[in-house]
Amino acid sequence: MCNHFILIRMSLRNKRSLTDKIGSNKVENNAQVTKKRKHLTIKSDANENTSNSDWKPPNWEKTLDNIRKMRKDNVAPVDNMGCDQAADLNESPEVIRYHVLISLMLSSQTKDEVNFAAMQRLKQHGLTVDKILEISDKNLGELIYPVGFWKRKVEYIKRTTRILKDTYNGDIPSTIKDLCQLPGVGPKMAHLCMSCAWNEVTGIGVDTHVHRISNRLGWVKKTTKTPENTRIELESWLPKDLWREVNHMLVGFGQTICRPIGPHCASCLNKTTCPSAVLNSPSKKKD
């Protein structure tokens, strides 16, 4: 346990912005990858809908500002151990991007603390395309355990890494379409990867926290059943300059206050306006 927290402190002490590290390399790196394979740049489905919707949830700006205030006072696991914190920023840009992708692939159905620890073990072993292709499935499984569905993720990581080696010259794809074609990568991971690894906002990364909170706040026109439907709803009205911020902010808010079970509604600054908090208030229950 002590070694684990030492690794976390070392990571935080050496922390630099992913944007600062890889942003200047994006243009020339894209040019190198394009020589091998042309990419089709696509827009997020919801980008086309952004200007077509007049609906906006009431008081959303005040609600958002209140969440910002609460996040400042509550450090969440995502702040120190999220996928954007797991990469080794001393590596080359393409290796950093690979770290971001692998961290995102490990993150599904896994707490940030568990995912971060798995990434530390992988980096100690050597987290590069060639190193992962060389390691046995058994040893890779031992390194990432106990992330959720670790056996399936071993298969996904191996298959994806082979594709990166053979098709992208060891780098990761630079479009949503190509990222989503990788084994084990869905829209949420792809949009977050574009933001964290390529510094390009293509859509909102909607995980279970963002999905749950958006429905609780009434930030969707009608209740949504899947994170992807929630993403489309959010992108239809939320200004694009907030898309990058809203994922990180709501994930941390969901980890600390608007929790899946036992949300801290009484201490929430939005308790008088949040539809879910009002419905579940003691006075409302008495009625």
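The values are calculated or read from the model by the stated rules, or taken from the named source; none is laboratory data. All of these numbers come straight from a predicted model, not from anything done at the bench. Positions of Cβ are backbone-derived with ideal geometry, glycine not excepted, and every protein chain shown enters the neighbour counts. SASA here: full protein model, heavy atoms, side chains in, ligands and nucleic acids out. Shrake-Rupley method; radii C 1.70, N 1.55, O 1.52, S 1.80 Å.
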Item checked: Residues (in contact with a His (Cβ under 9 Å, 6 or more places away or on another chain) and outside any helix (DSSP H, G or I)) located in the stretch 129-158 -> ILE135
Notebook entry, point to check: Among (1) open to solvent by 100 Å² or more (accessible area, probe 1.4 Å); (2) modelled with pLDDT of 55 or more; (3) farther than 30 Å from ASN215 by Cα, where does ALA117 come up short?
Noted result: (1)
Item checked: Residues located in the stretch 239-266, provided they are open to solvent by 80 Å² or more (accessible area, probe 1.4 Å) and outside any loop (DSSP other than H, G, I, E, B) -> LYS240, ASP241, ARG244, ALA266
Next item on the list: Might you let me know whether the stretch 213-222 holds any residue that is buried (at least 19 other Cβ atoms within 10 Å of the Cβ), in contact (Cβ under 8 Å) with a residue 40 or more places away in the chain, under 13 Å from the mean Cα position of the chain (by Cα) and part of a helix (DSSP H, G or I)?
Entry: no
Notebook entry, point to check: Within the stretch 144-154, how many residues are exposed (fewer than 15 other Cβ atoms within 10 Å of the Cβ) and charged (D, E, K, R)?
Noted result: 2
Notebook entry, point to check: So which residues in the stretch 155-191 are open to solvent by 30 Å² or more (accessible area, probe 1.4 Å) and touching a Cys at 6+ places or on another chain (Cβ under 7 Å), if there are any at all?
Noted result: PRO187
